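Engineer: Mind having a look at this structure? Questions to follow.
The values are calculated or read from the model by the stated rules, or taken from the named source; none is laboratory data. Everything numeric here is computed off the predicted structure, so don't read it as measured data. Methodologically, a virtual Cβ is constructed for each residue, glycine included, from the backbone with ideal geometry; neighbour enumeration extends over all protein chains shown. Ligands, DNA and RNA are stripped out before the accessible areas are found, and what is left, the full protein with its side chains, is counted by its heavy atoms. Shrake-Rupley method; radii C 1.70, N 1.55, O 1.52, S 1.80 Å.
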Amino acid sequence: MSASDLDGRIALITGAAGGIGQPLARAFVGAGMRVALCDTSEDGVRRLHAELGADRTIALPTDVSDPAACRDSVSRTIARFGRLDVLVNNAAVGMSTVRADHMRPGRADRGYRAGPLGPLVAVNLSGRSIWPTPAVPGHARPQIRADHQRHHQLFHDAQSRLLPYGPAKCGLEGWSTSLAGELKGSGITVNVVVPAGRPDTPMVPDDGTMERSQLIRPEKMAPPMLHLASDAGGGVTGMRFVAAKWESSLSVADAIAASGAPAGWPDLARSPVWPGGGPKR
């Protein structure tokens, strides 16, 4: 894509002060985009705002589990930049809020503190479903992006002691897939970008259980998202892209072939037990 393709495009990134959000914001601004930086960390978004520039960004301390706060952040983004083109639904709460030793061997259902389950699901699943409601109506060519980690069919979740984090992210991918179908033909696209493993962010505890040099660099998330935000990616919807497999040295077509697949679990919906063979479309 050319620099002029993305120059001046408006994005809102949730979780912007976090381990994936910061490199995304830097990459978007580097491509010429204007970015609303949303995060519960007021200090974090203000530092990033100062780094990236007041002409390119706006700092919006935001709790993504609060619908009123989400609406306010969208309204303030549009008031500042005139419209909203791209939503990166990135904010998340990590497993350490539920089980501090979740990387250690042991049964996945032991050691949980019941209280934090509500906030984890509120941010990682239901909180992300809030954003498209204020983001979509009446604004020029918005492209909803859902960035989240989903570990294939829960098998990796059990092995990596990611219950209930993984199931919440599975729910989010299913929700994103349904939304892509609901909005098909509207000019609004919904796609999922996943790291394909553990990214090197503070969510992965530095407790010696994993070799950090083998983790995925969070900067790998940016190239497929920049493509999806471009005119060339404007017709792509309902897809999952594995960022670790996206190679910028390849042609765009080859990068998509290497990293992309339909989001959700479309094979499960192809032969439903349903009167008349399936729901009316």
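Engineer: Starting from residues that are more than 15 Å from Ala92 (Cα to Cα), in a helix (DSSP H, G or I) and charged (D, E, K, R), keep the ones in segment 171-216 and report whichever is modelled with the highest pLDDT.
Structural biologist: That would be Glu182.
Engineer: Moving on to the next point. Name the residues in segment 234-254 that are surrounded by 18 or more Cβ atoms within 10 Å (Cβ to Cβ) and assigned to a helix (DSSP H, G or I), would you?
Structural biologist: Answer for segment 234-254, where residues must be surrounded by 18 or more Cβ atoms within 10 Å (Cβ to Cβ) and assigned to a helix (DSSP H, G or I): just Ala243.
Engineer: Report the residue count in segment 1-49 for those that are under 17 Å from Met225 (Cβ atoms), among the small types (Gly, Ala, Ser) and touching a Pro at 6+ places or on another chain (Cβ under 9 Å).
Structural biologist: Qualifying residue count, segment 1-49: 4.
Engineer: Take the conditions within 23 Å of Thr201 (Cα to Cα), open to solvent by less than 10 Å² (accessible area, probe 1.4 Å) and β-branched (Val, Ile, Thr) and apply them to Thr40. Does it pass?
Structural biologist: no
Engineer: What single numbered condition from (1) modelled with pLDDT of 95 or more; (2) under 21 Å from Ala222 (Cα atoms); (3) not in a loop (DSSP other than H, G, I, E, B) fails to hold for Gly32?
Structural biologist: Result: Gly32 fails condition (3) only.
Engineer: Condition first: buried (at least 19 other Cβ atoms within 10 Å of the Cβ), small (Gly, Ala, Ser) and not in a loop (DSSP other than H, G, I, E, B). Can you find one or more residues in segment 74-92 that meet it?
Structural biologist: The answer is no, given that none of the residues of segment 74-92 is buried (at least 19 other Cβ atoms within 10 Å of the Cβ), small (Gly, Ala, Ser) and not in a loop (DSSP other than H, G, I, E, B).
Engineer: Now a separate question. Please give the number of the condition Val273 fails out of (1) out of contact with any strand residue (DSSP E or B) (no Cβ under 7 Å at 6 or more places or on another chain); (2) among the β-branched types (Val, Ile, Thr); (3) surrounded by 11 or more Cβ atoms within 10 Å (Cβ to Cβ).
Structural biologist: It fails just one condition, (3).
Engineer: Right, another one. Exactly one condition in (1) open to solvent by 50 Å² or more (accessible area, probe 1.4 Å); (2) touching a residue at least 40 places away in the same chain (Cβ under 8 Å); (3) under 14 Å from the mean Cα position of the chain (by Cα) is false for Lys220; which is it?
Structural biologist: Result: Lys220 fails condition (2) only.
Engineer: Find all pairs meeting these conditions: Cβ atoms under 9 angstrom apart; at least six residues apart or on different chains; first residue within segment 21-34 and farther than 12 Å from Asn90 by Cα; second residue among the aromatic types (Phe, Trp, Tyr) and part of a helix (DSSP H, G or I).
Structural biologist: Taking only residues 6 or more apart or on different chains, the pairs are Arg34/Phe28; Arg34/Phe81.
Engineer: Is it the case that some residue within segment 7-24 is in a helix (DSSP H, G or I), more than 22 Å from Val193 (Cβ to Cβ), open to solvent by less than 60 Å² (accessible area, probe 1.4 Å) and not hydrophobic (A, V, I, L, M, F, W, C)?
Structural biologist: no
Engineer: Does Asp55 count as under 15 Å from Phe81 (Cβ atoms) and open to solvent by 60 Å² or more (accessible area, probe 1.4 Å)?
Structural biologist: Taking the combined requirement at face value, the residue satisfies it.
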